[in-house]
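Trainee: Please see the structure below; I have some questions.
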Amino acid sequence: MVLRARDVAVSYGDEPVLEGLSVGVEAGDVLAVIGPSGVGKSTLLRLLALAETPDDGTVELDGTDAWALDNGDRLRLRRRIGMVFQEANLFDASVARNVEYGLRVRRLWSDRLRDWAASIVGPSTPTDAVTEALSVVGLADRGDQPAGSLSGGEAQRVSFARALAYDPDVLLLDEPTSDLDPRNTALIEEAVSAARDRGIGVVLATHDMHQAERVADRAAVLLGDGIAEIGPTDRVFEDPNDDRTRQFISGELVY
Amino acid sequence: MECERFRKLTVFLEPIASLVSGGLSPAIAPPARSLVPLVSFPFETVYVRSIVAVSLYVSLCAVLASTLVSLPVALLVGFNDFPGKGLLTAAINTGMGFPSVVVGLVVLFAVSSQGPLGELELMFTREAMILSQFVLATPPITAISLAAIDGVDGGVRDAARALGGTRLDVALVTLREARYGIATAVLAGFGRAISEVGSVLIVGGNIAGVDGVSKTRTLTTAIQLEARQGRYETAMVLGILLVVLVLLVNGIVVRIGDGGVR
């Protein structure tokens with residue numbers, strides 16, 4: 001599996017956000033995209049998630065240009081990708097129903113209607129995939145709880161489990177821990193490692209450079225006009241080739 | 001749990017159901033019968049029964065049709081930005097204040113023999129009443145649903161899409177998140193429809209047959225007729241029935257809303 005953005009450009013109005021940017025992630029690879037706020041990290045992730053059309057360039061999954069496909073075929077590609085946002089964005093339902101959502105939308109309408117009818121009569125038992133995804137984030141026993149009763153950190157962990165449950169090929173994480181305390185941050189980082197061990201490719205946008213060092217195999221430094229540097233995390237942090245990367249990492253380059 | 005709920009509901013419903021249907025079930029016969037000499041209903045049971053049936057039929061049909069039109073419209077307006085959106089929203093909100101007699105008048109012209117719907121011969125029929133109540137109930141249902149849909153966090157929609165949802169899935173998630181607001185919208189529409197006198201009087205004609213069976217007479221038009229003719233007891237009983245019906249429908253809709261939480 002390879003998810004790749006090739007020479008992509010996006011602009012909002014007259015303002016270019018990304019120009020001629022290329023980046024890719026493979027199975028079992030964790031790529032951290034670091035850079036200051038407003039530099040286009042979220043836009044890059046939205047492009048990779050096929051949630052936004054690039055003005056120029058292509059986004060390819062296993063060599064297939066997603067935006068050359070019709071809606072139905074693109075949906076099939078999109079469904080191999082999971083995304084977690086900075087906010088948990090949980091649905092007003094039980095934890096288990098939240099985690100089950102990705103599986104549910106992939107089922108046939110006839111099955112979905114039957115399950116819906118059954119859910120009116122009595123509570124349903126969560127599937128193995130749901131329980132397993134919840135156990136990855138340490139919340140296996142909380143499936144019955146309403147999502148609204150969770151703390152911020154727990155909600156974000158459920159949000160992670162929700163993207164993991166349908167076993168995507170790629171996980172895109174947009175600043176998933178920026179609102180979290182250290183304990184919940186550590187639990188999410190453990191879950192990222194678990195996802196990598198399962199062969200999932202991960203793209204993690206973060207402004208926390210220590211987090212990038214802890215979890216990522218490779219780091220891409222995104223500064224004002226594109227990727228300033230990309231390479232193995234250790235090398236990028238210890239011996240950057242690019243001057244501005246060096247300044248950014250040492251804290252001298254402030255945006 | 002569900003059975004318990006259902007049992008409670010039927011126990012609550014039974015006395016009213018039997019009053020309306022005229023048949024008394026043995027289990028509750030004594031208290032129900034003892035009520036009769038106290039109140040000594042000054043009307044035929046069949047009269048009340050048919051009026052309640054016409055009221056419910058007309059208002060439920062109108063609200064169902066309004067809801068089926070309102071929700072897609074509210075979703076379309078809520079999900080999209082287009083020039084004139086503010087104007088359209090203002091127009092829908094204004095519709096909530098339509099005077100019902102004016103709506104009745106317009107529907108009357110529409111269904112009259114020279115009107116655009118004249119060929120359907122709907123004058124003084126329940127279908128004409130449904131049409132006028134549909135016109136009255138649609139603006140409040142659309143406006144309140146739209147406000148509820150607008151209030152759903154955009155992040156929830158993004159999440160539904162990112163998890164592999166189609167446009168239909170995203171719409172369904174939004175409706176589910178907005179369910180309390182939508183329940184309020186449906187109740188407001190039902191309240192407007194069933195308690196409305198002016199338009200159903202004009203297009204329906206408040207007709208009951210010589211056999212005492214209502215053709216187009218609803219609780220509201222019956223109340224105003226009975227009161228005008230000085231039969232205040234009957235008017236009072238009909239009024240109480242109307243309030244009980246509204247309460248019942250409110251209760252059922254709230255139950256349905258709660259049931260969707262799981």
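The values are calculated or read from the model by the stated rules, or taken from the named source; none is laboratory data. If you're wondering where the values come from, they're calculated on a predicted model, not measured in any experiment. FYI the Cβ positions are ideal-geometry reconstructions off the backbone, even for glycines, and counts take in every protein chain you see. All accessible areas refer to the heavy atoms of the entire protein, side chains included, with ligands and DNA or RNA removed. Shrake-Rupley method; radii C 1.70, N 1.55, O 1.52, S 1.80 Å.
Trainee: Just going by the charge dipole of region B:188-262, with Lys and Arg at +1 and Asp and Glu at -1 on Cβ, which of B:Gly239, B:Val197, B:Val254 is farthest out on the positive end?
Mentor: The Cα lying farthest towards the positive end belongs to B:Val254.
Trainee: Over chain A, what is the mean sequence separation of C-alpha contacts under 8 Å (at least six apart), divided by residue count, expressed as relative contact order in percent?
Mentor: For chain A, the relative contact order is 27 percent.
Trainee: Of the accessible area of region B:45-259, with the probe set at 1.4 angstrom, what percent is carbon plus sulfur?
Mentor: Heavy-atom surface of region B:45-259 belonging to carbon and sulfur, 1.4 Å probe: 69 percent.
Trainee: Springs between alpha-carbon atoms under 10 Å, Gaussian network over chain A: tell me which of A:Pro16, A:Pro182, A:Pro123 tops the mean-square fluctuations.
Mentor: Highest fluctuation of the listed residues: A:Pro123.
Trainee: Once both labels are modelled 7 Å past Cα along the beta-carbon direction, what's the B:Lys215-A:His210 spacing in nm?
Mentor: 8.4
Trainee: May I ask you to order A:110-121, A:234-245 by the average number of other C-beta atoms within 10 Å around their residues, highest value first?
Mentor: Put in order of decreasing packing, that is A:234-245, A:110-121.
Trainee: Roughly how far apart, in whole Å, are the Cα centres of region A:36-70 and region A:97-163?
Mentor: Region A:36-70 and region A:97-163 have Cα centres separated by 28 Å.
Trainee: Report the label-to-label distance for A:Asp242 and A:Ala51 in nanometres (one decimal), using points 7 Å from each Cα along the Cα→Cβ vector.
Mentor: 2.4
Trainee: Return the single residue from A:Leu44, A:Leu108, A:Leu204 with maximal mean-square fluctuation; model: Gaussian network over chain A, springs between Cα atoms under 10 Å.
Mentor: A:Leu108
Trainee: Please report the buried accessible area for the interface of B with A, total over both chains, probe 1.4 Å, in Å² to the nearest 100.
Mentor: By this definition, chains B and A bury close to 1900 Å².
Trainee: Could you please state, rounded to a whole Å, how far the C-alpha centre of region B:159-179 is from the C-alpha centre of region B:122-155?
Mentor: 23
Trainee: Inside 10 Å of the C-beta atoms of B:169-175, what's the mean count of C-beta atoms belonging to other chains?
Mentor: Partner-chain Cβ atoms within 10 Å, mean over residues of B:169-175: 2.
Trainee: Mind computing the radius of gyration and Dmax over the alpha-carbon atoms of region B:45-259? Å is fine for both.
Mentor: Final numbers for Rg and Dmax: 19.5, 65 Å.
Trainee: Using the Cα gyration tensor of the protein assembly as shown, with a ≥ b ≥ c the square roots of its eigenvalues, what is the shape: rounded (a/c below 1.5), prolate (a/b larger than b/c) or oblate (neither)?
Mentor: prolate
Trainee: With +1 assigned to the C-beta of every Lys and Arg and -1 to the C-beta of every Asp and Glu, and no other charges, what is the dipole magnitude of the protein assembly as shown about the Cα centre in debye, to the nearest 20?
Mentor: So the magnitude is around 2980 debye.
Trainee: Over chain A, with a Gaussian network built from C-alpha contacts below 10 Å, which listed residue (A:Asn184, A:Asn89, A:Asn98) shows the highest mean-square fluctuation?
Mentor: Comparing A:Asn184, A:Asn89, A:Asn98 in a Gaussian network model of chain A, the most mobile one is A:Asn89.
Trainee: Starting from the Cα gyration tensor of region A:144-186, take the square roots of the eigenvalues, sort them a ≥ b ≥ c, and report rounded, prolate or oblate (rounded when a/c is under 1.5, otherwise prolate if a/b is larger than b/c, else oblate).
Mentor: Cα axes put region A:144-186 in the oblate bin.
Trainee: Is there a quick way to get the dipole size of chain A? I mean about its Cα centre, with the Cβ of Lys and Arg at +1 and of Asp and Glu at -1; what is the value in debye to the nearest 20?
Mentor: 1060
Trainee: Right, another one. All other residues with a Cβ under 12 Å from the Cβ of B:Ser113 taken together, and with Lys, Arg as +1 and Asp, Glu as -1, what is their net charge?
Mentor: -2
Trainee: Still on this structure: Give me the accessible area per residue for chain A, probe 1.4 Å, as a whole number in Å².
Mentor: Normalised by residue count, the accessible surface of chain A is 45 Å².
Trainee: Which whole number gives the average count of other chain Cβ atoms within 10 Å of the Cβ atoms across peptide A:115-128?
Mentor: Mean inter-chain Cβ contacts per residue within 10 Å come to 1.
Trainee: Using +1 on the beta carbon of Lys and Arg, -1 on that of Asp and Glu, and nothing else charged, what's the dipole of region B:153-205 about the Cα centre, debye to 20?
Mentor: Approximately 80 debye in magnitude.
Trainee: Follow-up question, since we're still on this one. Does region B:35-154 come out rounded, prolate or oblate by the C-alpha gyration tensor, with a ≥ b ≥ c the root eigenvalues, rounded set by a/c under 1.5 and, if not, prolate when a/b is larger than b/c and oblate if not?
Mentor: Here region B:35-154 falls in the oblate category.
Trainee: So, one more: Can you give me the accessible area per residue for region B:169-255, using a 1.4 Å probe, in Å²?
Mentor: 41
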